[in-house]
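Structure, as C-alpha cells:
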Amino acid sequence: MDEEHLRTLIRTIVRETLNPNLVPIGVSNHHVHLTEEDFQKLFPGQKIEMLKKLRQHADFAAKQTVDLIGPKGTIEHVRLMGPYRSHSQVEIARSENFTLGIDAPIRMSGDLDGTPSIKVRSPYAEIEIQGVIVAKRHIHMSLEDAKRFGVNLGDSMQVEVDGDGGRKTIFDDVVARPREDFVLEMHIDTDEANAANVGLGNNSFGKVIIKKKN
C-alpha cells in the first residue's frame, strides 16, 4: 500500500468512526487547466506529464509550469493540472488579483462568461487565455455522501473548521458537488486556508454543521 492510499484509508477510518460529518480539506493553490490545443501551443510536441496524483482519482498535478502575466505583475511557476479540459481556465486566490492587476470573479469551475483574460507563458511560447476565476469553495462527494448529508448538486452547506492556534472558522455557502466517481473532499483556496490557519497538508478536516437547500 503506497503512502497516498494509506493516508486515504486513515482519513476514512477517522471520519467514519469519530464523526460521520467530518470532511477532509484540500487547500488549492493557484493553478492552470488547459485544453490539449492550448497545451500544444505552450509546449509543442510534448505530453502533459504527471508529477503527483490528487485525491480525485482522474486529476493530477503536472510537471509543467507556466507564468501568469497580468497588466501589473507576474506570478511565476504556476502548476498545470491534468487531464486536459474542454476549456482552458486559470484559478487564482482573490489576493492575487492585486498582484496581477485583474479582477477575477468568484465562480464555480467552468463558469467563465465575462471573466478576464490573462497572458500565459511557457519557456516556448505565450498565449492569452480568457477564463480567470477565483474558485468558489465546494465539496466533492460521492452520491452516497450526498445522500448521507441530504444534499443535491449545487446545494449550499456550512462547514466548521478548527484551525491551528484557536482560529475556529465557519465557511458558509460551500457548494455541494456530488458525482459517482468523486471522493469526499472540501476545496478552499490559500486565502481561505490562511484565514482559518489551515495547513497545505492533507491532514485537516472540517465538520458539516448545517445543510441547507438553495
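The values are calculated or read from the model by the stated rules, or taken from the named source; none is laboratory data. Quick caveat: nothing in here was measured; it's all calculated off a predicted structure. Virtual Cβ from ideal backbone geometry, glycine too; neighbours counted across all protein chains shown. SASA here: full protein model, heavy atoms, side chains in, ligands and nucleic acids out. Shrake-Rupley method; radii C 1.70, N 1.55, O 1.52, S 1.80 Å.
When you go through (1) touching a strand residue (DSSP E or B) at 6+ places or on another chain (Cβ under 9 Å); (2) modelled with pLDDT of 95 or more one by one for GLY150, which number turns out not to apply? Failed condition: (2). A count restricted to segment 158-195 and to residues that are at pLDDT 90 or above, more than 14 Å from the chain's Cα centre (by Cα) and farther than 11 Å from VAL23 by Cα stands at 12. Scanning segment 122-173 for residues that are among the charged types (D, E, K, R) and farther than 30 Å from ILE48 by Cα yields GLU144, ASP145, LYS147, ARG148, ASP155, GLU160, ASP162, ASP164, ARG167, LYS168, ASP172, ASP173. Residues that are polar (S, T, N, Q) and open to solvent by 70 Å² or more (accessible area, probe 1.4 Å) within segment 25-44 comprise just one, ASN29.
When you scan segment 111-120, how many residues do you find that are surrounded by 13 or more Cβ atoms within 10 Å (Cβ to Cβ) and either part of a loop (DSSP other than H, G, I, E, B) or of a type in the set (Phe, Trp, Tyr) (or both)? Total satisfying the criteria: 4.
Of the strands (runs of 3 or more DSSP E) lying entirely inside segment 1-96, those carrying at least 1 residues that are aromatic (Phe, Trp, Tyr) and at pLDDT 90 or above are 60-69. Considered as a group, the residues in segment 65-99 that are more than 16 Å from SER28 (Cα to Cα) and hydroxyl-bearing (Ser, Thr, Tyr) include one that is least open to solvent (accessible area, probe 1.4 Å), and that residue is SER88.
Step by step: first the residues of segment 45-64, then only those that are open to solvent by less than 80 Å² (accessible area, probe 1.4 Å) and in contact (Cβ under 8 Å) with a residue 40 or more places away in the chain, then the one that is nearest to PHE98 (Cα to Cα). Which residue is that? Among them, the one singled out is GLN64.
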